[in-house]
Structures are given as C-alpha cells and as structure tokens.
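The values are calculated or read from the model by the stated rules, or taken from the named source; none is laboratory data. Worth saying up front: this structure is predicted, and the values here are computed from it rather than measured. Quick reminder, even Gly has a Cβ in these numbers, built from the backbone with ideal geometry, and neighbours come from all protein chains shown. Accessible surface is based on the protein model in full, side chains and every heavy atom, while ligands, DNA and RNA are left aside. Shrake-Rupley method; radii C 1.70, N 1.55, O 1.52, S 1.80 Å.
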Amino acid sequence: MHIIISLLSEVSETDNKGGLFDFNATLPLMALQFLALTIILNLLYYKPVSNVLDDREEYIRNSLTSASASLVKADELTKTYECELAESRKSAQQIIKSAQEEAQLIVSNKIKEAQKDAEKLLLNAYNELNIQKEQALKSLEVQIDILSDQIQNKLLDN
C-alpha cells in the first residue's frame, strides 16, 4: 500500500513536466488495468458468447446434416415409390390386357355358339320343311291316286 501512495505522489510531481509520453508509475498501472480488464472481459463476456456461438454453430451443422440426410432418404423413398408405381402401372396394364383378351375370347365363343345355334335352327327348319314337303307330296299322291281312280271310273262308266 505504501508503494501505491509513493507512486501516486510521484505522479503528482511529474504532472508539471508534461509531455506526450511520460514513463512513470501510471504506465505500469495502466498496463495492469488493461490486463485485468482483458481477463475479466474474457471470463465474463467473450467465453460465454463464444460458447453460445460454438453451440449455435454446432446446432446449425447438426441441423444441416440431419436435413441433408432426410433429403437423401426422401429422394430414395421417391425413387422406390416411383419404381413401385411403374411396376403397378405395368401390372395394371397387363391385367387390363388379359381381361380384354379374355372378354374377346368369351365374345367370340358366344358368337360361335350363337352361329351354331342359328345353323341348328336353320337345319331344323329345313328338315321340318322337307318333312312337311314329303308329307304334302305323299298326301298329294294319295289324292292324285284317288282322283285318278275316280277319273278312270268315270271314264270307264261312260
């Protein structure tokens, strides 16, 4: 303490000398004040602020990493869904094509059956007409025979 008082007295004595650079007891005192202020600011302000900035930078880096990982995963999912969609479309087209072919086959079979039924009906109708024709011819023959006998009888009677 005695040293500080002696330093202060020397400072007051040197005030008279004046000048831009006086190397007296105030210079080391200012240096000590500067170092103390630097240490205090470093402990109270710079370290907490730099810690907060480092934490924030790490958070941002982690967020960007997770975002890019999510983007890559989303791209992979998109590709797989697009592939599945393409396969589903192909299978749907094949199902539609097979259903159309099956329907076409069924229609052609029905048409063939209808044609066969129509041919059977025509054949039955033709056969019935032939039977009716033969019956009509037989009945006409019988009538012709009867009429010819009647004509013959009338001619012979006259």
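All but one of (1) modelled with pLDDT of 95 or more; (2) open to solvent by less than 80 Å² (accessible area, probe 1.4 Å) hold for S148, so report the exception by its number.
(1)
When you go through L53, L41 one by one, which is the residue that is at pLDDT 90 or above and out of contact with any strand residue (DSSP E or B) (no Cβ under 9 Å at 6 or more places or on another chain)?
Details: L41 fails: at pLDDT 90 or above.
Answer to the check: L53.
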